[in-house]
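**Q** Got a structure for you, written out below as structure tokens; questions coming shortly.
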DNA sequence: AAAAGCCCCTGGATGC
DNA sequence: TGCATCCAGGGGCTTT
């Protein structure tokens, strides 16, 4: 579910509310992707200092240590004083003086990992190879060109890999390539500088607009305050196989790349 | 080093 | 109605 916009929308929906809260207790349910990495009881009494985001990870800074939270494919957070009784898919719960943070994740591809800082080997194993942040100033178009130039795989796959630029998942990869007029199957290294510049701008614009729309709610995404997103209504190609292109009217095509569906307009994205 | 495939897991939609 | 199959927003690990 969650790509950069959904993770950022989630962050914005509870960062201010949880700021300064003191942890009362932490409970882990069924195993997520990785073990927490510390005794949950050890976290009681610590104070939440910030909620940051790196790629699709949320980093919850405590006055000592940090929780790395990943939502996987089906995870969502909710933060509230008044939560219904926890269900079978609620696998992490942190009670604080400002409310309870709960992770619901049916498929359990998500994770909550504790590290004493984001520089420890355990944290770097998850964060160390991540690419540039697309919405920050360090997303430099020349560095982007160099990064893409080193890879011969299809541009869609290189975007998804997240080691050149982070946060672009399966929905937004198709959307971004549509906006840039680039065929998803073209080799990354064969993109000219002007086309890379167009892609760079498209990534920033699509992701920023998606954040503003509250993310995409395809099945069950909602922010930590329970709000659904609306960006899926603006999708130009994702999930629109066989439907007319909103720009030229051609039938949207679907192909599979690396076991994931890709959508594009054969006319607007000729090469 | 980079690329391609496999796999983790549950649930909803579709087809017979 | 029941059962099998396919598909889903991610990404680490293993094999080429």
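The values are calculated or read from the model by the stated rules, or taken from the named source; none is laboratory data. All of these numbers come straight from a predicted model, not from anything done at the bench. We place every Cβ from the backbone using ideal geometry, glycine too, and count neighbours over all the protein chains shown.
**Q** Of all residues in the range A:140-174 being within 18 Å of residue A:232 (Cβ to Cβ) and part of a helix (DSSP H, G or I), which is farthest from DNA strand B (Cβ to nearest atom)?
**A** Selected residue: A:172.
**Q** Sticking with this structure for a sec: Applying the selection to the range A:90-123, what residues are over 15 Å from residue A:21 (Cβ atoms), surrounded by fewer than 17 Cβ atoms within 10 Å (Cβ to Cβ) and either outside the structural domain of residue A:25 (by TED's automatic domain parsing) or away from DNA strand C (no atom under 13 Å from the Cβ) (or both)?
**A** Matches in the range A:90-123: A:116, A:117, A:119, A:120.
**Q** Let me confirm something: among A:130, A:135, which residue is within 15 Å of DNA strand B (Cβ to nearest atom) and either under 27 Å from residue A:203 (Cα atoms) or surrounded by fewer than 17 Cβ atoms within 10 Å (Cβ to Cβ) (or both)?
**A** The conditions single out A:130.
**Q** Any chance the range A:223-234 includes a residue that's out of contact with any helix residue (DSSP H, G or I) (no Cβ under 8 Å at 6 or more places or on another chain), under 29 Å from residue A:13 (Cα atoms), within 12 Å of DNA strand C (Cβ to nearest atom) and not assigned by TED's automatic domain parsing to the domain that holds residue A:56?
**A** yes
**Q** A further question follows. Restricting attention to the range A:55-65, which residues are over 17 Å from residue A:215 (Cα atoms) and within 16 Å of DNA strand C (Cβ to nearest atom)?
**A** Across the range A:55-65, the qualifying residue is only A:59.
**Q** Right, next: Of all the residues that make up the range A:68-89, how many are away from DNA strand C (no atom under 16 Å from the Cβ) and within 23 Å of residue A:4 (Cβ to Cβ)?
**A** Matching residues across the range A:68-89 total 1.
**Q** How many residues are more than 24 Å from residue A:72 (Cβ to Cβ), assigned to a helix (DSSP H, G or I) and touching a residue at least 12 places away in the same chain (Cβ under 8 Å) if we restrict to the range A:1-55?
**A** Residues that pass the stated criteria total 1.
**Q** Looking only at the range A:206-262, which residues are under 19 Å from the mean Cα position of the chain (by Cα), crowded, with 21+ Cβ neighbours inside 10 Å and either free of Cβ contacts under 8 Å to residues at least 40 places away in the same chain or not in a loop (DSSP other than H, G, I, E, B) (or both)?
**A** A:206, A:207, A:210, A:231, A:262
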